[in-house]
Amino acid sequence: MKSSLIVSLVALAFASSAQAEFQYRVPMGMDFSPQAAQESAPIGLSGIQCGIYHCLGVKNGTAWSVGRGDDGRLGLGDVDYRSVWTDTGLPADSVGAGSHHSFAIKDGEVFAVGPNNYGQLGLGYDGGFLKEFVSTGFTASYISGGDRFSLAISNGKVYGAGAQRGTGLPTNSYNFADTGLSAESIAVGTYHSFAINNGNLYVTGEGSYGRMGTGSGTDAPSWVDLGISVDAVSAGHAHSLILKDGTVWSTGEGAYGRTGHGDNGDRTVFTDTGFRASAIISGHVNSYAIQDGVVYSAGATSNSALVLNGEGYTSSEGFKSTGQAADSLEGAGFQFLYIMNDGAVLAGGNGDYGKLGQGAIQDSSVFLEMTQ
């Protein structure tokens, strides 16, 4: 593992028994200061990952963020929300998002920001929060996070940090630790995680509602081989999706029709929805897929949660066309979704905290393109 950028923690200020805010210096010659941050529409934005109320992406070689800023998760030096995409000033090749925390990767080196109450930032300790990105001293090719934990792929192996649930580790870990599983890709939900190893699907975490697809609602503290060969997997809050032989399969909580089966019933194993697709993504209470270049959606409709371009929806309809063309599904959180279409970024759904990046705190029941 190559040598890491060293960041010195120079002051720790604890407020009673509440959160602690950490101050630190960045290495000489590298300016990550939020004072240099710029705000702009996200033309050229790519690699979007979303937490529950915030998102990150990469534009012009730096990490950008939008949405809720509690605990410093946007990496902009404060705890305010942003209703437009804002440049953090941190050089980045890719980004990652937990439910409430954030990561960026530059030349393999992982930087972290946000709450660290369970050690989910992988900094070697727990407690407090960071308002600006700091080096973890860990290298990875991909990183993501759940509610109180994080997972990464490094040299073809899965590493975890934070609360034990969802990492496959035997105990909580304040550093990124080898979980003992090799994988080509991972998918992290709120309380559970998946990994694909040689096409085979593995899962760990909380099992309530059948979200893990193990056949029961019991937890799986360590990785479990589901014995399923898949093309892709996406983990939501209490439900999960896979692509298998070009068809969407789902498991977990079925309320609001979010699993795409045309009913509200829960599933404890992955079950074929019969819907053909080329891409999938799980939101908090919704599911999305691309079929023949068009976005389809299923799930909750309250607060513009389900983007149907103005049409009505009932859970008995399963996946329903939004009429919106798309090349990829970029990021989904709590009642919202970003997509890419011919290089343009579009967003729709619930707009609390400005997370849609459209300059206002408002919902959008249609996909709106963000232009310069």
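The values are calculated or read from the model by the stated rules, or taken from the named source; none is laboratory data. Here the structure is a predicted model, which means the values were calculated and not measured. Cβ placement follows ideal geometry from the backbone for every residue including glycine, while neighbour counts extend to all protein chains displayed. When the accessible area is computed, the model is the full protein with side chains, heavy atoms only, and any ligands, DNA or RNA have been set aside. Shrake-Rupley method; radii C 1.70, N 1.55, O 1.52, S 1.80 Å.
List of remarks:
- Heavy-atom accessible surface of the chain, averaged per residue, reaches 37 Å², computed with a 1.4 Å probe.
- Residues listed by number, the stretch 176-220, amide nitrogen under 16 Å from S141 label point at 7 Å toward C-beta: 181-187, 195-200
- What the phi angles of the stretch 201-209 give under the Karplus curve with 6.51, -1.76 and 1.60, with θ = phi - 60°, is a coupling list of 9, 10, 9, 8, x, 7, x, 4, 6 Hz, glycine and proline written as x.
- Mean separation of Cα contacts under 8 Å (6+ apart) over length of the chain, as relative contact order %: 12
- Computed label-point distance, nm, for sites E317 and N60 using a 7 Å Cα→Cβ extension: 4.1
- Amide H contacts under 5 Å for E330, placed H, 5+ residues apart: Y338, I339, M340
- The simple Förster model, with R0 at 25 Å and r as the Cβ-Cβ distance, assigns E184 and S208 a FRET efficiency of 0.35.
- Gyration tensor (alpha-carbon) shape descriptor, the chain, a/c threshold 1.5: oblate
- Between G96 and F103, A104, the built amide H atoms are under 5 Å apart, and every one of these is 5 or more places off in sequence or on another chain.
- Here the accessible area of the chain is 46 percent carbon and sulfur, with a 1.4 angstrom probe and all protein chains present.
- Extending 7 Å from Cα along the Cβ direction at D93 and again at V366 yields two label points whose distance is 4.1 nm.
- Label zone of D327 (point 7 Å out along Cα→Cβ, amide N under 15 Å): in the stretch 339-372 this covers 339-346, 370.
- Amide H within-cut-off set for G236, under 5 Å, with H built and near neighbours excluded: L241
- Contour excess over end-to-end distance, with Cα ends at S229 and N155 and 0.36 nm allotted per residue: 24.4 nm
- Number of Lys-Lys pairs in the chain with C-alpha atoms under 30 Å apart and a separation of 8 or more places or on different chains: 16.
- Each residue of the stretch 253-259 was assigned a 3J(HN,Hα) from its phi angle through the Karplus expression (A = 6.51, B = -1.76, C = 1.60, θ = phi - 60°), giving 5, x, 3, 6, x, 5, 7 Hz with x at Gly and Pro.
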